[in-house]
Amino acid sequence: MTRIGVVIFPGSNRDRDTLRAIELAGGEAVPLWHETASLEGSAAIVVPGGFAYGDYLRAGVIARFSPVMRAVGAFAERDGLVLGICNGFQVIAEAGLVPGALLRNRGLRFLGRDVHIAIERFDTPFTMLAGPRRPLRVPIAHGEGCYFADDVTLDALERDGQVLFRYVHDDGSVAGEAGDPDNPNGSLRAIAGVINAAGNVAGLMPHPECAVEALLGSDDGFGIIRSLVESAGAAEREGRAPRLAGSAA
């Protein structure tokens, strides 16, 4: 069974949801405490949602310096698969693993509700099993989710296919920026998630791990989690999954 590491910080609150989602997708979920520099033989890493270190200073900026994130950074440099969700997206952005930054929501209020997102690419390790093109209904829960980058970076992301998820209306049309309730945080170009240039690190603000069982309201996020687990398993079988058993120092 493919081992998928789930990083846990003081303040993480979606780690158990992530661990369960990975198990439902057929992986072996491995908790990774923030003070460890070992990834415990994981074939992929998820940095889950929450409020790491209480979001002091700004979301993710303290967590990026933790021992486990040094190991995650080294893992990513060796083409290991890394997925950051919500606070995890903030952490990997602060660590420079994906482009851009997450700012305060345009309305300056914490938001928790369902939104619709569209997958822009289905040829990545994070989306390959996400099913037919359609809007996905998944929850958000964040106060600093406004995706921001300068125009040069945004144009490059669009050109190079690094916009992975976008906020949309329920009919699939792209949401606007300022004032459109279907772009809940005012993200530039309605960007809900991006992927790095190498294609092995991705982040998104909505919570696919909380939408993996229809009984709980939606299973639209299951394809994203399953894509990660299956991609990591394939890389492991083919000898492409990097392993860091010890310190990243």
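Key figures for this structure:
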{"quantity": "Residue in region 58-72 that is surrounded by fewer than 23 Cβ atoms within 10 Å (Cβ to Cβ) and among the aliphatic types (A, V, I, L, M) present", "calculated": "yes"}
{"quantity": "Meets criteria (part of a strand (DSSP E or B) and closer than 24 Å to MET128 by Cα) for VAL194", "calculated": "yes"}
{"quantity": "Extreme residue, farthest from GLY54 (Cα to Cα), among residues of region 75-132 that are among the aromatic types (Phe, Trp, Tyr) and over 13 Å from the mean Cα position of the chain (by Cα)", "calculated": "PHE122"}
{"quantity": "Some residue of region 160-173 being in a loop (DSSP other than H, G, I, E, B), touching a Ser or Thr at 6+ places or on another chain (Cβ under 7 Å) and either surrounded by 16 or more Cβ atoms within 10 Å (Cβ to Cβ) or not aliphatic (A, V, I, L, M) (or both)", "calculated": "no"}
{"quantity": "So VAL174, is it under 24 Å from ARG14 (Cβ atoms), β-branched (Val, Ile, Thr) and in contact (Cβ under 8 Å) with a residue 40 or more places away in the chain", "calculated": "no"}
{"quantity": "Region 126-142, subset surrounded by 18 or more Cβ atoms within 10 Å (Cβ to Cβ) and of a type in the set (Gly, Ala, Ser), residue modelled with the highest pLDDT", "calculated": "ALA141"}
{"quantity": "Condition check for GLU94: in contact with a strand residue (DSSP E or B) (Cβ under 9 Å, 6 or more places away or on another chain), within 23 Å of GLY5 (Cβ to Cβ) and of a type in the set (D, E, K, R)", "calculated": "yes"}
{"quantity": "All positions within region 103-125 that are among the small types (Gly, Ala, Ser) and at pLDDT below 95", "calculated": "GLY107, GLY112"}
{"quantity": "Residue that is modelled with the highest pLDDT [pool: residues in region 35-67 that are under 14 Å from ILE92 (Cα atoms) and out of contact with any Gly (no Cβ under 9 Å at 6 or more places or on another chain)]", "calculated": "PRO67"}
{"quantity": "Residue satisfying condition, being in contact (Cβ under 8 Å) with a residue 60 or more places away in the chain and either of a type in the set (Val, Ile, Thr) or farther than 19 Å from ARG58 by Cα (or both), within set ALA141, ALA130, ALA93, ALA118", "calculated": "ALA130"}
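The values are calculated or read from the model by the stated rules, or taken from the named source; none is laboratory data. Computed from a prediction, not measured in an experiment: that's the story for all the values here. Ideal geometry is used to build each Cβ from the backbone, glycine not excepted, and the neighbour counts take in all protein chains shown.
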